[in-house]
Amino acid sequence: MNRWILTTALALALAAGATAAEAKNTLRWASQGDALTADPHSQNEGPTNAASLNIYDPLIRRNAKSQLEPSLAVSWKAINPTTWEFKLRQNVKFHDGTPFTADDVVFSVMRAKAPSSDFKSYFDSVTEVKKIDTYTVHFITKGPDPILPNQVTQISIMSKAWAEKHKVEKPQDFKNKEETYAIRNAMGTGPFMLKKRDPGIETVLERNPNWWGWKTAQGGGNVDEIIYKPIKNSATRVAALLSGEIDFLLDPPVQDLEKIKRDLKLKVVSTPQIRTIFFGLDVGSKELRSSDVKGKNPFADKRVRQAIQLAIDVQAIKRVTMRGMSQPAGIVTSPGVDGYMPANDKPVAANVDQAKALMKQAGYEKGFRVKLDCPNDRYTNDEQICQAAVGMLGRIGIHVQLDSQSKTLHFPKIQKYESDFYLLGWGVPTQDSHYVFNYLYATKKGGKGGWNGTGYSSPKMDELIAKMEVETDVKKRNAFIAQAWALAKADLIYIPIHHQVINWGMTKTLDLPIVVDDAPNFRWAKMAPGKKTN
Amino acid sequence: MLAFIVNRLLQAIGVMLVVALFAFIISNYVGDPINNMLGQEATLQDRAQLKKDLGLDDPAPVQFARFVGEALRGNFGISYQMKRPVSHLIVERLPATLELVFVAATIALVLGVIGGVFTGLRRNAVSSRAIMTISLVGVSLPTFVIGILLIYGFAVLPKSCVHGVHLFGALLFDCADVAMISLPSFGRGDTVDIGAWQSGLLTAEGWRHLVLPGVTLSLFNLTLILRLVRSEMLEVLRTDYIKFARARGLTDRAVHFGHALKNTLVPVITVAGIQIGSLIAFSTITETVFQWPGMGLLFIQSVQFADVPIMTAYLVLAALIFVVINFTVDVLYAAIDPRLRADRVAAGRA
């Protein structure tokens, strides 16, 4: 009994002590979904990568305008068609004080290539990573790989010694039932150190005063501490921002943006995201699985696809469904991706009469039935977009039965080629068109066309993709990419809807530039000085 | 009595096995966790390999037997999403739910009993009728609406004050005063670690964070208990033994609280016990609205991600909680109420 009283008294005393605060810049923020793990090579997922890259540095980063800039690599060039040379930054230390060298780069890349890593396809073309001297590394590739610098922007450089000491040389191995040390701990060279990680509850980062980049253009921020708490419920997230309990909200729902803008203490910043939402049509099957048309596939007829595009009014979707927060699109990739051309991206104006005429020409005047597969928890207002499309297609006689499900059920349908008609959104982490073609337009075989659920197979397209993969001459490569986009537009197997627009809500006194991949770079964040911890 | 207990035990085990079977069946047909684990770019070989590694290729009875065996050892596998053992996750999240349920149950019981007694004793008073009408709010408004209204009223509004509160042109409270009544809208605040138990009950911040979710979660049961106590009171007050006590000349206080209340509380405790079981298992909505890091929130997240190990563990755990509570209540009833025991014995003899 006495021990119990003593413990409680001690706990109370500690609690009282714990709430004593010093004036420092603390940034509290929230979003819907936490990072999945602190291990930077385990899960290739947006929020997880964004979190890792505040703790770890990659070799090359992107700046606020999405251009490549040196990070742990100060320079890089292809010294021959199969070798890229990276010169590394000197006098950089990990958070525990140990020096950063080429050994750590070799280790990290090999770790990212491990079978249990989710990042290995970033290095498909790399056969070997060689340390030449303490600050020089060579990447040996199978063939010419013109976009290797783009691929390395997402790969964190981890301390080899730390990983060996804690036995996390490999990212999470599913056969092993234990939790690995790297899930909740980190050792990088980045602007912030991981102080506490409670998955799904709270993550606390602390400023790394020895980071090499604070006084450069890469840094400039003055945040000392970052406290992140995920908040699943959208109303609660907005309430937390409105009540001042958080300073920054990554994903305010579109219907609450006006409310946030009206608040005198808050502001909203927006930018188009590198993610395009579009419909995919099965053009390869002989017969659609869910349609009442037997013996032939209406989607295989280009006139039907054009009619669908003309029937779907993307401006109305922008106005009503997205409340103005979208950028109607003409192709399935967005500004910021190499190979994007504004001329290609003009959205098609809706024209129901022309659509009906095309349907009649194709012999489907009476229309037909088909099932539309849609996710309901992945993209902004994804289900509502599909619902809008159902109404619009009904006008030209296509009776759509909507099947809206969680992404965990929806995505496998696309990957296994089991859907007639589906909604998908595609982001481009490498910011190069090849990523789009490789996954969406290539014939589905081996490692290619993994997300091509349309059955589209064009030898010309496959040829162009193979050429752009290995062409190192920038002008020639851009020409291949341009040809591929022209072919994609002409063949019209995807109906583009819009590029997502991302909005961040934050206090007026916080200066945090928004970027197209929706990742908060806290090294740039400037706050009004002297906020006490709460 | 022993035969009764053994009987109930066997039934409990039977129920658990059936639930385990359902949990296992669901686990085989929901979503594609392979896709979630491997992300958008894994090859077909990777997927096949992972499927084999997780044992998803074995025949169903083998998988089920393995599942039950592991469950009995407390091992529910590794969460697909968080890559951590499910048992660790549950142990981490359970204190949060239990503390929230404790606060909610206390509010519901205390206020419910007091309100029920009050409205039972003063049946036709205006105040009684007012309480009964307002209590309808507790059962008719959905939990998430109540939660969001409370957040808006106590977290957002006080901080949105611009001019202060005026009455007849005079300033009653300025914005700083108004902001003082604000309560946190999400999370648990500062928690103190007592061994493996993360408690929010030891700090002022922890208590402030418990207020809104605790009230939200308690409202339904508060209304239930209030109405139950009231109707029980009304019925007990009509019984013979109460009439005799009054005839004997005992004071109102002795009659009401010494005799009537005790009899009133027996069915109330039964119901309250069962309700606590449902509070623990189904605090999901409240936890989601208030981002309360408990079991309910863990469950909802696991459903969204088709994180089958967590889902099955949660289902089995929720079933276990109900089975244990029902079993306890049954046995206690048989122990307390002689009629139950006598019948059994009589039946056995006849």
Quick count over segment B:44-91, residues being among the charged types (D, E, K, R), under 18 Å from B:Leu320 (Cα atoms) and in a helix (DSSP H, G or I), is 1
Note on A:Gln67: of the conditions (1) over 23 Å from the mean Cα position of the chain (by Cα); (2) free of Cβ contacts under 8 Å to residues at least 60 places away in the same chain, unmet is (1)
If you go through B:Val236, B:Val255, B:Val268, B:Val229, the only one that is modelled with pLDDT under 85, over 30 Å from A:Val238 (Cβ atoms) and touching a Gly at 6+ places or on another chain (Cβ under 9 Å) is B:Val268
Pairing a residue in segment B:63-91 that is on the phi > 0 side of the Ramachandran plot with any residue that is hydroxyl-bearing (Ser, Thr, Tyr) and part of a loop (DSSP other than H, G, I, E, B), where Cβ atoms lie under 9 Å and the two sit 6 or more apart in sequence or on different chains, gives B:Lys83/A:Thr37; B:Lys83/A:Ser42; B:Lys83/A:Thr180
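Take the residues of segment A:224-255 that are part of a helix (DSSP H, G or I) and more than 13 Å from chain B (Cβ to nearest Cβ): which is farthest from A:Leu194 (Cα to Cα)? Steps first, answer last, please.
At the first step, the residues of segment A:224-255 found to be part of a helix (DSSP H, G or I) are A:234-242, A:254-255.
Going one step further and asking which of them are more than 13 Å from chain B (Cβ to nearest Cβ), we end up with A:254-255.
On the way: A:Val254: 32, A:Gln255: 34 Å.
Residue satisfying both the conditions and the ranking: A:Gln255.
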The residue that is surrounded by the most Cβ atoms within 10 Å (Cβ to Cβ), considering only those in segment A:313-358 that are hydrophobic (A, V, I, L, M, F, W, C) and over 27 Å from A:Trp485 (Cβ atoms), is A:Ala357
**OP:** Inspect segment A:177-187 for any residue being small (Gly, Ala, Ser), within 12 Å of chain B (Cβ to nearest Cβ) and under 30 Å from A:Lys467 (Cα atoms) and give the result as yes or no.
**Re:** no
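Residue-by-condition table, conditions (1) more than 18 Å from the chain's Cα centre (by Cα); (2) of a type outside the set (Ser, Thr, Tyr):
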| residue | (1), (2) |
| --- | --- |
| A:Glu45 | no, yes |
| A:Thr48 | no, no |
| A:Leu53 | no, yes |
| A:Pro81 | yes, yes |
| A:Lys93 | yes, yes |
| A:Gly97 | yes, yes |
| A:Asp103 | yes, yes |
| A:Phe107 | yes, yes |
| A:Lys113 | yes, yes |
Within segment A:229-244, the residues that are touching a Lys or Arg at 6+ places or on another chain (Cβ under 8 Å) and either surrounded by fewer than 22 Cβ atoms within 10 Å (Cβ to Cβ) or among the aromatic types (Phe, Trp, Tyr) (or both) are A:Gly244
Residues in segment A:430-476 that are over 23 Å from the mean Cα position of the chain (by Cα) and of a type in the set (Val, Ile, Thr) total 4
Contact list, first residue from segment B:294-306 and more than 7 Å from chain A (Cβ to nearest Cβ) and closer than 17 Å to B:Ile280 by Cβ, second anywhere and among the small types (Gly, Ala, Ser) and assigned to a helix (DSSP H, G or I), beta-carbon distance below 6 Å, six or more apart or interchain, is B:Gly294/B:Ala96
Result of the Cβ filter at 7 Å on segment A:37-54, keeping first residues that are acidic (Asp, Glu) and surrounded by fewer than 22 Cβ atoms within 10 Å (Cβ to Cβ) and partners that are modelled with pLDDT of 90 or more and assigned to a loop (DSSP other than H, G, I, E, B), at least 6 apart or interchain, is none
Considering residues that are small (Gly, Ala, Ser) and farther than 16 Å from A:Pro496 by Cα, the number found within segment A:417-440 is 1
Counting only residues in segment B:201-216 that are part of a helix (DSSP H, G or I) and among the aliphatic types (A, V, I, L, M), the one nearest to the other protein chains (Cβ to nearest Cβ) is identified as B:Ala204
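Determine, yes or no, whether A:Ile260 is farther than 30 Å from A:Pro335 by Cα, within 27 Å of the chain's Cα centre (by Cα) and within 14 Å of chain B (Cβ to nearest Cβ).
So A:Ile260 does not fit the description; no.
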Residues in segment A:220-237 that are closer than 17 Å to A:Asp377 by Cα, touching a residue at least 24 places away in the same chain (Cβ under 8 Å) and touching a Ser or Thr at 6+ places or on another chain (Cβ under 9 Å) total 4
The helices (runs of 4 or more DSSP H) lying wholly within segment A:378-485 that contain at least 3 residues that are of a type in the set (A, V, I, L, M, F, W, C) and out of contact with any Cys (no Cβ under 9 Å at 6 or more places or on another chain) are A:382-394, A:407-415, A:459-470
Check segment A:378-392 and report whether any residue there is modelled with pLDDT under 95, over 15 Å from A:Ser290 (Cβ atoms) and within 11 Å of chain B (Cβ to nearest Cβ). yes
The residue from A:Val501, A:Val516 that alone is among the hydrophobic types (A, V, I, L, M, F, W, C) and surrounded by 22 or more Cβ atoms within 10 Å (Cβ to Cβ) is A:Val516
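The values are calculated or read from the model by the stated rules, or taken from the named source; none is laboratory data. Remember, it's a predicted structure, so these values are computed and weren't measured experimentally. Methodologically, a virtual Cβ is constructed for each residue, glycine included, from the backbone with ideal geometry; neighbour enumeration extends over all protein chains shown.
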